[in-house]
Amino acid sequence: EQELRKLSHAMEQSPASVVITDLNGNITYVNKAFEKKTGYKSKKVIGKNPRVLKSGHTAKEEYEELWKTITSGKTWNGVFHNRKKDGTLYWEQAYIAPILNEKGKITEYLAVKEDITQLKETEEQLEDTLKSLEIRVEERTSELQIAKDELERIHRDFQGSLNYAKRIQEASIPSDQELSHVFSDAFSIYRPKDTISGDFYWCHDDGESVILVVADC
């Protein structure tokens, strides 16, 4: 009797909701934490099924898995999205286990449930933040790709202009063969750092004089 009283006080003072049902799932006991959390007084729910808390957000298959587990003598744990008496939705982590007699036969079911609404809201806020960040990253990536494409286009255009200027410059610069016609002992070293050079040379023999140019554009 002393142990039973101790257990009874512990259940009554537990911060977690405690619910005991019969084999048909009808409520035979709830503690004060259950009353405080759901808004239902014990006398209003005794004899009723816990489905009074259902919000419609938990899939039928999950309830089927719950009953399959506890009727086989095992403990089930999962999350419910339930509804209080005033219509407010809340989340709770539930552990439901069969109560066995001395012969190992199931006589009742015990559910211990903890309110995790704040945790779920924090998780949802974090998910929303992550989604927002993902969208921003995608937008930024798209902007960077557009900028990259534009830079590549500018580079192609610029390189095309350089190549065109190179052809013009190479056409205007005399070759070593042309120089040898003007100077019997001459050579040139022309090595642009990049595609074209800002320095160039040119020569011309008009029959009376030779014009030699070394210039910077």
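Side notes on the structure shown:
- Per the Cα gyration tensor, segment 1-123 maps to an equivalent ellipsoid with semi-axes of 23, 19, 14 Å, ordered largest to smallest.
- Structural size metrics of segment 65-135, computed from C-alpha coordinates, are Rg and Dmax of 17.2, 59 Å.
- Accessible area (Å², 1.4 Å probe, nearest 10) - ARG136: 150 Å²
- Annotation for segment 77-127 versus segment 1-71: alpha-carbon center distance of 9 Å.
- For segment 41-83, the spherically averaged projection of the C-alpha convex hull amounts to 3.6 nm².
- Straight-distance crosslink candidates among lysines, where the alpha carbon sits under 27 Å from LYS54 and sequence neighbours closer than 8 are dropped: LYS32, LYS36, LYS37, LYS41, LYS43, LYS44, LYS68, LYS74, LYS84, LYS85, LYS113, LYS120
- As a length-normalised measure over Cα pairs under 8 Å and 6 or more apart, the relative contact order of segment 1-158 settles at 19 percent.
- Share of carbon and sulfur in the accessible heavy-atom surface of the chain [1.4 Å probe, %]: 53 percent
- Where LYS68, LYS54 fall by accessible area, highest first, once all protein chains stay in place (1.4 Å): LYS68, LYS54
- With viscosity 1.306 mPa s and temperature 10 °C, the Kirkwood radius over alpha carbon pairs of segment 122-217 converts through Stokes-Einstein to a diffusion coefficient of 87 µm²/s.
- Cα-Cα pairs of the chain separated by more than 30 Å (percent): 58 percent
- Accessible area expressed per residue, segment 60-217, with surrounding protein chains retained (probe 1.4 Å, Å²): 76 Å²
- On Cα atoms only, tilt of 117-172 relative to the major axis of the chain in degrees: 10 degrees
- Max mean-square fluctuation residue, GNM over the chain, Cα-Cα springs under 10 Å, options LYS74, LYS41, LYS103: LYS103
- List LEU89, LEU151, LEU100, LEU162, ordered by accessible area with a 1.4 Å probe, largest first: LEU151, LEU100, LEU89, LEU162
- Per residue, the chain reaches -15000 deg cm²/dmol at 222 nm when only DSSP H runs of four or more residues are counted, each adding -39500 (n - 2.57).
The values are calculated or read from the model by the stated rules, or taken from the named source; none is laboratory data. Keep in mind that what you see is a predicted model, and the values were worked out from it rather than measured. Quick note on the areas: whole protein, heavy atoms, side chains included, nothing else; ligands and nucleic acids left out. Shrake-Rupley method; radii C 1.70, N 1.55, O 1.52, S 1.80 Å.
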